[in-house]
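The values are calculated or read from the model by the stated rules, or taken from the named source; none is laboratory data. Note that the structure is predicted; figures quoted are calculated from it, not measured. With ideal geometry, Cβ positions are generated from the backbone for all residues, glycine too; neighbour counts draw on all protein chains shown. SASA here: full protein model, heavy atoms, side chains in, ligands and nucleic acids out. Shrake-Rupley method; radii C 1.70, N 1.55, O 1.52, S 1.80 Å.
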Amino acid sequence: MNTLLDVAIRCAAMTQRKRLSNTQSSSQSKRQSNSFMTQEEDEDATFTQPSTSQVQRGLEKLTPAQVDQKTAEVVQYILVKDQKKIPVRRADLVKHVVKDYRAIYPEIIKRATRIFEQVFGLKLVEIDPKNHMYILVNNLDTPVPRASPVECPSNPKMGLLFVILGVIFMKGGVVRENLIWNILKKLRVDPGQKHEEFGDVRKTVTDEFVRQRYLEYVRIPHTEPVEYEFRWGQRADMEVSKAQILVFMGQIHEQDPRSWSQQYREAHASSTPSSTPSSSQASSSNHR
């Protein structure tokens, strides 16, 4: 069996994606996402989506250059966040970037969405309409051939994620936490020890990948002691090809992906990532 790092590094040589060099610190993590989401909802409740007439009046008070500049700032903010695959909250976008331009927020988002599609070949998608959270995904409608953002792991940490997504896929979509840890140990990645590439493995998996919405980490009801299980997250459903995951698992196990007949049929029933909500959702959120 190949090691996780061997496969990830070899596969990384097959794919490239330009990234900005700037990084931005993410907020201090929390293991339980429920309380985190409650805080997000409370903060976003202070923002009311402007009506069409309000947007029009707001645009009349600004010059085209001012609107273009603010749009550029929003685009840069989202691109920086996308480096670490952190979903962008509308509340943060308004508070830290849009600021006094909130009256024309829908117009700014509409223009930013167009820039992502036409310049970067990306689609701005609202993955959580309730809490208004956005991510960037590959625009599959772009005529220029592009690889999916995570079609193949671009670094060892993405290789770790691919292994976990692969196990979940192979096991029918839901996997208990203990099984994931046992499989990682077989690949010489011990969640109980600090890893040279991944640092705190348990925190990376249960916190970072969960915040990035690649994984869902859910408590199993009526278990004592408490147990958790993993599922694919919203971002994984939209970005990751199950067919490519199956190929990756074949590399790890040195096995032909077609030997897993059930999973092969499921993966190739749709050779592209799951259908995504229309990017227009990002510019037409429900009025509050």
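For region 112-134, the set of residues classified as in a helix (DSSP H, G or I), under 18 Å from K81 (Cβ atoms) and open to solvent by 20 Å² or more (accessible area, probe 1.4 Å) consists of I115, E117, V119, F120, listed by residue number.
Could you list all residues from region 201-260 that are among the basic types (K, R) and under 20 Å from L187 (Cα atoms)? Listed by number, the residues that qualify are R202, K203. Return a yes/no flag: does region 265-277 have any residue that is at pLDDT below 80, crowded, with 19+ Cβ neighbours inside 10 Å and hydroxyl-bearing (S, T, Y). Yes, region 265-277 contains a residue that is at pLDDT below 80, crowded, with 19+ Cβ neighbours inside 10 Å and hydroxyl-bearing (S, T, Y).
Would you mind stating whether R90 is modelled with pLDDT of 85 or more, of a type in the set (K, R) and open to solvent by less than 70 Å² (accessible area, probe 1.4 Å)? So R90 fits the description; yes. Number of residues in region 206-235 that are within 11 Å of the chain's Cα centre (by Cα), free of Cβ contacts under 8 Å to residues at least 60 places away in the same chain and either within 15 Å of R176 (Cα to Cα) or part of a loop (DSSP other than H, G, I, E, B) (or both) equals 2. From the list V88, V119, V74, V97, the one residue that fits, being more than 18 Å from L62 (Cβ to Cβ), aliphatic (A, V, I, L, M) and without any contact (Cβ under 8 Å) to a residue 40 or more places away in the chain, is V119. Among residues of region 172-200 that are touching a residue at least 60 places away in the same chain (Cβ under 8 Å), none has a beta-carbon under 7 Å from a residue that is hydroxyl-bearing (S, T, Y) and surrounded by 16 or more Cβ atoms within 10 Å (Cβ to Cβ) at least six positions away or on a different chain.
Residues that are within 22 Å of G121 (Cα to Cα) and not hydroxyl-bearing (S, T, Y): list the helices (runs of 4 or more DSSP H) wholly contained in region 49-95 that include at least 3 such residues.
Values: elements: 52-60, 64-83, 90-93.
Correct list: 64-83.
Residue pairs whose Cβ atoms lie under 7 Å apart, sitting 6 or more positions apart in sequence or on different chains, and linking a residue in region 237-258 that is at pLDDT 80 or above and assigned to a helix (DSSP H, G or I) to a partner that is surrounded by fewer than 17 Cβ atoms within 10 Å (Cβ to Cβ) and hydroxyl-bearing (S, T, Y), are D237/S274; M238/S274; A243/S271. Would you say E197 is acidic (D, E) and not in a loop (DSSP other than H, G, I, E, B)? Judged against the criteria, E197 is not a match.
Rundown of residues vs (1) modelled with pLDDT of 90 or more; (2) aliphatic (A, V, I, L, M), yes/no style:
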residue: V174; (1), (2): yes, yes
residue: I180; (1), (2): yes, yes
residue: L187; (1), (2): no, yes
residue: G192; (1), (2): no, no
residue: E197; (1), (2): no, no
residue: R211; (1), (2): no, no
residue: Y217; (1), (2): yes, no
residue: E229; (1), (2): yes, no
residue: R235; (1), (2): no, no
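Within the span defined as region 219-233, every residue fails to be surrounded by 12 or more Cβ atoms within 10 Å (Cβ to Cβ) and in contact with a Ser or Thr (Cβ under 7 Å, 6 or more places away or on another chain).
Being buried (at least 18 other Cβ atoms within 10 Å of the Cβ) and in contact with a Gly (Cβ under 6 Å, 6 or more places away or on another chain) is true of R213.
Screening the candidates K157, K185, K203 for the property of being open to solvent by 70 Å² or more (accessible area, probe 1.4 Å), part of a helix (DSSP H, G or I) and under 30 Å from Y134 (Cβ atoms) yields one hit, K203.
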